[in-house]
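What follows is calculated from the coordinates using simple rules that are stated; it is not laboratory data. All figures in this text were calculated on a predicted structure; none of them were measured in a lab. Every residue, glycine among them, receives a Cβ derived from its backbone with ideal geometry; neighbour counts consider all protein chains shown.
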Amino acid sequence: MDKLKILLDRLDALAPWLAPLLLRLLLAKEFWDAGMMKLSGENWFAEIQDQFPFPFSLLPPDFSWQLATVMEIIGALALILGLGTRFFAATLSILTLVAIYAVHLGHGYTIGEGGWKLPLIYLVMLLPLILSGPGKLSLDLLLRRHFLKTQRRLWS
């Protein structure tokens, strides 16, 4: 029983470091790949622009394409570093919701056909980063600690 408690205590201590980092890295890989594909690919947003939800339907297709590309690439880099994690996780969630709505549901796919299962998984994976932050291996945490120390010095 003591060995089990030791093991569980070690896993509990490791979780705030490793679990968010692994989520961030896996999501970063997926969004990086999507952004790089858009960067080197043809813009097909004009074909589905009428399926974008409001207010995204008001944006020109070229601008939407560039915005999605930039957000996927910068968002992936930010997730790797754990910098602006909550902001970028929320931004990538919005991007994913638009993709589900315009691309996957717009073509009548069901979740069982795999039409939007993967984007839904990404949303579920982004949620803990939005709610709990990037974890202990992140620039966000280092910056937060730095600013808290600076703030304490200013007020003492």
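Side notes on the structure shown:
- Projecting the Cα atoms of 100, 80, 57 onto the charge dipole of the stretch 1-113, computed from C-beta unit charges around the Cα centre, puts 80 farthest toward the positive end.
- Protection-proxy order for peptides 72-85, 16-29, each taking the mean of Cβ atoms within 10 Å per residue, highest first: 72-85, 16-29
- Residue (of 135, 43, 66) at the positive-pole extreme of the stretch 22-155, dipole from beta-carbon charges: 135
- Assigned charges on the beta-carbon of Lys, Arg, Asp, Glu; the stretch 1-107 dipole about Cα centre (debye): 500
- Derived scalar couplings between HN and Hα for the stretch 126-132 equal 6, 4, x, 6, 5, 7, 10 Hz in order, rounded to whole Hz, by the Karplus curve 6.51 cos²θ - 1.76 cosθ + 1.60 (θ = phi - 60°), x for Gly and Pro.
- Choice from 46, 34, 99 showing the highest fluctuation, given a GNM over the chain with Cα pairs closer than 10 Å: 46
- Tail beyond 29 Å, pair distance distribution of the chain (Cα, percent): 31
- Pairs exceeding a 31 Å alpha-carbon distance, out of 29/149; 3/149; 5/149; 3/136: 29/149; 3/149; 5/149.
- Angle in degrees between helix 139-155 and the longest Cα principal axis of the chain, rounded to the nearest 10: 60
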